[in-house]
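So the structure is just underneath, and the comments pick up after that.
The values are calculated or read from the model by the stated rules, or taken from the named source; none is laboratory data. Everything numeric in this text was worked out from a predicted model, so none of it was measured. Every residue, glycine as well, gets a Cβ built from its backbone with ideal geometry; the counts of neighbours run over all protein chains shown.
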Amino acid sequence: MKKTRFLVLVLAVAVMLVGAAYAYWTQDLTINTTVNTGELEVIFQEPANVTGEDDYQINADCTPDGYSMEVTFNDVYPGVRNNFYFDMVNTGTLGAYVDDFSITAPSHLTDNKVIRIDYIGVKEDGDEFEPYYEGKSIPLANALKKLNEGNGIFVEAGEENKVTVEMGIVFNPGATEKEMAEEKEYKFQVKAKVYQFNARPTTAPTTAE
């Protein structure tokens, strides 16, 4: 009889313990993760408008989004030479390389007949220009290849960080009247490709940092 009572007591205690175990509180824990992506954006900005001593003009305008730039020449003539400047500004949040510069223009302007380049320099704010090309004038299309031969022009993120490109533009002194007619407006459009800092096909920047 005592043994039976003892077993009943043990069973009662066991049931109480099981009940206590099931009475423990539980809580679901959820982790919410937010990912904010960066922005890759470099734009053309503040191209120089040049008026020469003979009243010829080199004017440049950027598209509203800043992704391309159109350069227009008025009252120019064979033998005109002047320097032309434009800025590239990183308005995004990622460091970027600018490369693959391209020109849209009639082939006789870019290949070898009319517009030539005898200097290309690149500088970061406050630095000196670093020459990419300096020497005998070469066709505009070839000059862009000089810009594209390096590892890209690196632009730090932040609107206060800009890179200035300078080009010495020469109108071929030997251009014929057929190649460069009087009272005619000439223009070309400049575009470039932008890579995020860690996705450039090659790595180190060619401009001084």
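For this structure, a couple of remarks:
Every residue, every condition in (1) in a loop (DSSP other than H, G, I, E, B); (2) of a type in the set (Val, Ile, Thr); (3) touching a strand residue (DSSP E or B) at 6+ places or on another chain (Cβ under 8 Å), yes or no:
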residue	(1), (2), (3)
69	no, no, yes
73	no, no, yes
78	yes, no, yes
94	yes, no, yes
146	no, no, yes
150	yes, no, yes
160	no, no, no
164	no, yes, yes
168	no, no, yes
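- Checked against (1) under 21 Å from the mean Cα position of the chain (by Cα); (2) farther than 30 Å from residue 37 by Cα; (3) at pLDDT 80 or above; (4) not in a strand (DSSP E or B), residue 132 passes all but condition (4).
- Scanning the range 73-104 for residues that are surrounded by fewer than 19 Cβ atoms within 10 Å (Cβ to Cβ) and in contact with a helix residue (DSSP H, G or I) (Cβ under 8 Å, 6 or more places away or on another chain) gives 100, 101, 102, 103.
- The range 161-180, residues that are over 18 Å from residue 122 (Cβ atoms) and either out of contact with any Asp or Glu (no Cβ under 9 Å at 6 or more places or on another chain) or not polar (S, T, N, Q) (or both): 170, 171, 173, 174, 175, 176, 177, 178, 179, 180
- Criterion violated by residue 113 - all others in (1) surrounded by 16 or more Cβ atoms within 10 Å (Cβ to Cβ); (2) within 22 Å of residue 153 (Cβ to Cβ); (3) out of contact with any Phe, Trp or Tyr (no Cβ under 7 Å at 6 or more places or on another chain); (4) of a type outside the set (Val, Ile, Thr) satisfied: (2)
- Candidate set from the range 91-129 (those that are among the charged types (D, E, K, R) and under 23 Å from residue 176 (Cα atoms)); member that is farthest from the chain's Cα centre (by Cα): 113
- Among the conditions (1) outside any strand (DSSP E or B); (2) touching a residue at least 12 places away in the same chain (Cβ under 8 Å), the only one that residue 198 does not satisfy is (2).
- The listed residue being crowded, with 17+ Cβ neighbours inside 10 Å and either among the acidic types (Asp, Glu) or modelled with pLDDT under 80 (or both), out of 164, 207, 202: 207
- Within the range 31-67, the set of residues being over 12 Å from residue 88 (Cβ atoms) and in a strand (DSSP E or B) comprises 50, 51, 57, 58, 59, 60, 61.
- Count of the range 58-97 residues which are among the acidic types (Asp, Glu) and closer than 16 Å to residue 167 by Cβ: 2
- Summed over the range 96-111, residues that are part of a loop (DSSP other than H, G, I, E, B) and either more than 18 Å from residue 144 (Cβ to Cβ) or acidic (Asp, Glu) (or both) total 1.
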